[in-house]
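See below for the structure under consideration.
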Amino acid sequence: MSEDLAKPGWKQIPIAGVPFKKATEYHTGDWRTFKPVIDQSKCTKCLTCWIFCPDDSIVWDGNTVQVDYRYCKGCGICAEMCPVKAITMVKEE
Amino acid sequence: MSWINLRELAKKRSLFTSGHRLCAGCAAGIIGRLVMHSVPDPKHVVVVHATGCWEVAGTIFPYTAWAVPWIHNAFENAAATASGVELAFKALKDKGVVKKVPDIIVFGGDGGTVDIGLQSLSGAIERGHNFLYVLYDNNAYMNTGIQRSGATPRYAWTTTSQVGKVIPGKLEARKPIANIIAAHGNAYVATASPAYWRDLMEKARKGIEYKGPAFIHAISPCCRGWRFPPNMTIRVAKLAVETCAFPLWEYDPETREYKLSPPSLAIAKNPKLKKPIEEYLKLQGRFAHLFKPEKREDLIARIQEDVDKEWNQLLELCGIT
Ligand code: SF4
Ligand code: SF4
């Protein structure tokens with residue numbers, strides 16, 4: 001699909017403007033100014049950060065809580081809401 | 001036991017995926033994830049979107065953040081489109097093409113719901129279509145740049161209710177949209193705040209499972225339009241409930257009864273818990289003119305009066321006096 005898109009003529013555009021690519025191919029992580037860093041020794045795995053992340057960027061694999069930096073926009077909600085202050089917002093280089 | 005088991009639920013990725021382009025800290029993304037995690041069967045759901053910031057940010061061509069069938073039509077007809085989707089699936093089911101009619105969830109902002117789409121929504125509810133309509137209310141037309149809507153509260157700054165010598169922001173009160181929908185009598189109606197996520201998810205599941213129209217009015221703090229830092233979204237959504245600016249309640253169409261939800265019921269039982277509206281206002285730059293250059297006690301008192309009046313009316317509706 002992506003090759004077709006390189007030089008799209010009107011005939012290549014899907015009928016009725018159907019978006020056909022997954023947004024997950026688009027990485028919003030580069031919007032970030034501050035990045036959340038989780039202190040694993042403090043984290044109680046309560047998943048509060050997972051609940052409130054607008055970008056589905058907190059990942060829980062059943063063992064640890066991690067940030068998916070490909071998408072995290074650095075809003076800081078997770079750090080603000082973490083009940084044990086396990087998350088710090090660190091300025092991106 | 002509730003169906004919500006966080007440790008299991010959090011293993012799943014959202015049906016409204018990462019890579020959407022809502023602003024950092026946008027409550028719509030949180031509401032969307034919570035509602036989509038409440039869908040009983042992810043293989044049988046269709047999402048309908050009214051025009052708005054979320055509709056645009058979720059589907060910037062050629063990308064879509066919706067991992068489910070999704071349709072956008074126009075600003076004024078999201079509920080009419082949902083009616084058509086339901087009838088189309090019913091016809092396909094009668095013909096044996098599909099086995100069941102999917103759950104239909106509509107998302108619309110306050111512009112698309114309180115103002116522009118109100119007549120098509122009212123019609124769809126009156127006809128009794130089976131869908132859940134979720135209003136994410138960010139109190140203005142944010143997509144086009146923060147213009148006042150019928151949901152903008154009194155004295156809020158917007159680009160079309162400017163603050164100056166003549167007026168202190170929007171002069172009019174907001175429309176009581178959830179009460180208007182409840183007045184139809186046949187719909188399950190609830191208000192919700194993403195800060196009370198469990199309450200929101202339970203209401204979303206109830207609305208989806210209700211056989212008939214359901215409507216959830218969710219407050220959706222907007223950091224750009226309300227002028228607060230993006231990390232404060234949930235704090236603002238919580239204060240809205242704690243100050244009773246946005247109380248949480250349900251309307252049951254079967255018994256025709258209003259019922260306060262636990263966070264607001266606690267305040268009704270112990271009025272000391274009700275925080276002054278000032279605490280909600282002062283977090284938001286759209287109300288900054290109420291605090292500087294001089295504190296406008298008169299205007300803040302007027303807003304408090306609005307809040308108290310609506311809260312007392314609600315208590316009466318809920319049979320609490
Ligand atoms: S909110 Fe804090 S303690 Fe809870 S899972 Fe996230 S990082 Fe860990
Ligand atoms: S900073 Fe915001 S986007 Fe990033 S993980 Fe935390 S809540 Fe999610």
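The values are calculated or read from the model by the stated rules, or taken from the named source; none is laboratory data. Please read all numbers here as calculations on a predicted model, not as lab measurements. Glycine gets a Cβ as well: all are built from the backbone with ideal geometry, and neighbour counts include every protein chain shown. SASA here: full protein model, heavy atoms, side chains in, ligands and nucleic acids out. Shrake-Rupley method; radii C 1.70, N 1.55, O 1.52, S 1.80 Å.
Scanning the range B:300-321 for residues that are assigned to a loop (DSSP other than H, G, I, E, B) and either at pLDDT below 95 or surrounded by fewer than 19 Cβ atoms within 10 Å (Cβ to Cβ) (or both) yields a total of 3.
A single member of B:Ala78, B:Ala57, B:Ala124, B:Ala151 is open to solvent by less than 20 Å² (accessible area, probe 1.4 Å) and more than 20 Å from B:His217 (Cα to Cα), and it is B:Ala57. Only one of these conditions is not met by A:Trp31: (1) more than 8 Å from ligand 2 (Cβ to nearest atom); (2) at pLDDT 95 or above; (3) open to solvent by 60 Å² or more (accessible area, probe 1.4 Å); (4) away from chain B (no Cβ under 11 Å). Which number is it? Tallying (1) more than 8 Å from ligand 2 (Cβ to nearest atom); (2) at pLDDT 95 or above; (3) open to solvent by 60 Å² or more (accessible area, probe 1.4 Å); (4) away from chain B (no Cβ under 11 Å), A:Trp31 fails exactly one: (4).
For (1) touching a Gly at 6+ places or on another chain (Cβ under 8 Å); (2) part of a strand (DSSP E or B); (3) modelled with pLDDT of 95 or more, each residue gets a yes or a no:
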site	(1), (2), (3)
B:Arg174	yes, no, yes
B:Ile180	no, no, yes
B:Gly185	no, no, yes
B:Val189	no, yes, yes
B:Ala204	no, no, yes
B:Ile208	no, no, yes
B:Lys211	no, no, yes
B:Phe215	yes, yes, yes
B:Pro221	no, no, yes
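Among residues of the range B:161-176 that are open to solvent by 70 Å² or more (accessible area, probe 1.4 Å), those with a Cβ under 8 angstrom from a residue that is at pLDDT 95 or above and in a strand (DSSP E or B), sequence gap 6+ or separate chain, pair up as B:Leu171/B:Ser161.
Residue count for the range A:49-71 under the criterion of being more than 10 Å from ligand 2 (Cβ to nearest atom) and of a type in the set (Ser, Thr, Tyr): the result is 1. Summed over the range A:47-77, the residues that are within 8 Å of ligand 1 (Cβ to nearest atom), touching a Cys at 6+ places or on another chain (Cβ under 8 Å) and either under 17 Å from B:His20 (Cβ atoms) or facing another protein chain (nearest Cβ under 8 Å) (or both) give a count of 1. Of note, B:Val39 does not satisfy the criterion of being touching a residue at least 60 places away in the same chain (Cβ under 8 Å), part of a helix (DSSP H, G or I) and either away from every other protein chain (no Cβ under 13 Å) or closer than 28 Å to A:Arg70 by Cβ (or both).
The set of residues in the range B:227-242 being more than 10 Å from chain A (Cβ to nearest Cβ) and either touching a residue at least 60 places away in the same chain (Cβ under 8 Å) or part of a helix (DSSP H, G or I) (or both) consists of B:Arg227, B:Val236, B:Leu239, B:Ala240, B:Val241, B:Glu242.
Within the range B:193-225, being buried (at least 24 other Cβ atoms within 10 Å of the Cβ) and under 29 Å from A:Phe34 (Cβ atoms) holds for B:Ser193, B:Pro194, B:Ala195, B:Leu200, B:Ala218, B:Ile219, B:Ser220, B:Pro221, B:Cys222, B:Gly225. Could you please let me know if B:Glu254 is part of a helix (DSSP H, G or I), modelled with pLDDT of 95 or more, open to solvent by 20 Å² or more (accessible area, probe 1.4 Å) and more than 14 Å from chain A (Cβ to nearest Cβ)? No: the conditions fail for B:Glu254.
May I ask you to verify whether B:Ser2 is open to solvent by less than 20 Å² (accessible area, probe 1.4 Å), more than 9 Å from every other protein chain (Cβ to nearest Cβ) and either assigned to a loop (DSSP other than H, G, I, E, B) or not small (Gly, Ala, Ser) (or both)? Here the answer is no, as B:Ser2 does not meet what is asked.
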